[in-house]
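Remarks on the structure that follows.
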Amino acid sequence: MTSFNTQPKCPYCGKPMDKPVSRKIIDRAYDQITRRQYVRTRMVEFCSKECGGNYQMGCEG
């Protein structure tokens with residue numbers, strides 16, 4: 001029998017999150033209707049503040 005790990009993983013490093021830390025991520029997205037870029041703000045959970053900061057820097061390019 002296979003057991004599945006239902007613990008969420010960090011989107012940046014992939015480690016399981018014991019105590020998730022919410023960070024506000026600001027990036028660009030495309031509107032599917034108007035096909036224009038816009039600034040998107042979303043809350044994402046990470047395993048640490050460091051992973052959240054690194055993810056934000058990656059979104060900035």
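The values are calculated or read from the model by the stated rules, or taken from the named source; none is laboratory data. Just so it is clear, the model here is predicted, and its values are computed rather than measured. For neighbour counting, all protein chains shown are included, and Cβ atoms are generated from backbone atoms with ideal geometry for every residue, glycine included.
In table form, for the structure just shown:
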{"read-out": "Residue within region 33-46 that is of a type in the set (Lys, Arg) and in contact with a helix residue (DSSP H, G or I) (Cβ under 7 Å, 6 or more places away or on another chain) present", "value": "no"}
{"read-out": "Residue list for region 20-47, restricted to those being part of a loop (DSSP other than H, G, I, E, B) and in contact (Cβ under 8 Å) with a residue 24 or more places away in the chain", "value": "Pro20, Cys47"}
{"read-out": "Every pair of residues 6+ apart whose Cβ atoms lie under 8 Å, when the first sits in region 48-61 and is exposed (fewer than 13 other Cβ atoms within 10 Å of the Cβ) while the second is in a helix (DSSP H, G or I)", "value": "none"}
{"read-out": "Close pairs (8 angstrom Cβ cut-off, 6 or more residues apart or separate chains): within 19 Å of Met43 (Cβ to Cβ) in region 1-18, among the β-branched types (Val, Ile, Thr) and at pLDDT 70 or above anywhere", "value": "Pro11/Val44"}
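This table checks each residue for (1) among the basic types (Lys, Arg); (2) in contact with a strand residue (DSSP E or B) (Cβ under 9 Å, 6 or more places away or on another chain).
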| position | (1), (2) |
| --- | --- |
| Gly14 | no, no |
| Pro20 | no, yes |
| Ile26 | no, yes |
| Tyr30 | no, yes |
| Thr34 | no, no |
| Arg42 | yes, yes |
| Cys47 | no, yes |
| Gly52 | no, yes |
| Met57 | no, no |
